[in-house]
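Working notes for the structure below.
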Amino acid sequence: MDTDTLVAHSRARFDHAAARRLLKEKYQAKMLFAYSGGMFCAGPLLQTTLLTCPDIKAVILDLYENPVQVDTKELYALSQQRWQEQMNAWLIEYETNNTKR
């Protein structure tokens, strides 16, 4: 292989890695949402926390470590919906970027 081919290949790999990082940052930002005066991030950690609360009303910490009283069933449903929407969109965009390699 000549040097130009190696440089082009390494740039393509670098651009692909940068695109993946940007994609991750983009969709992680979209996981944030406000609820009941607190800021939460949709995801497995929040959903697991909510599932372990036996009461419908519970006090949990938001992203800024503020205690917030929440309806666990409602917050779980919102978190689950946000998580699935963003993960599906992320997958579609990720697969589109992978075909460009």
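For the reader, a short list of remarks on this structure follows.
- Residue in the stretch 11-19 that is touching a helix residue (DSSP H, G or I) at 6+ places or on another chain (Cβ under 6 Å), buried (at least 16 other Cβ atoms within 10 Å of the Cβ) and not charged (D, E, K, R) present: yes
- Some residue of the stretch 3-18 being at negative phi and under 15 Å from the mean Cα position of the chain (by Cα): no
- Whichever residue in the stretch 26-64 is touching a Phe, Trp or Tyr at 6+ places or on another chain (Cβ under 8 Å) and in a loop (DSSP other than H, G, I, E, B) and, among such residues, is surrounded by the most Cβ atoms within 10 Å (Cβ to Cβ): A42
- Residue check, L6 modelled with pLDDT of 85 or more and surrounded by 10 or more Cβ atoms within 10 Å (Cβ to Cβ): no
- Within the set M31, M87, the sole residue that is closer than 30 Å to D15 by Cα, in contact with a Gly (Cβ under 8 Å, 6 or more places away or on another chain) and not charged (D, E, K, R) turns out to be M31.
The values are calculated or read from the model by the stated rules, or taken from the named source; none is laboratory data. This one's a predicted model, so the numbers in the text were calculated from it and none came from an experiment. With ideal geometry, Cβ positions are generated from the backbone for all residues, glycine too; neighbour counts draw on all protein chains shown.
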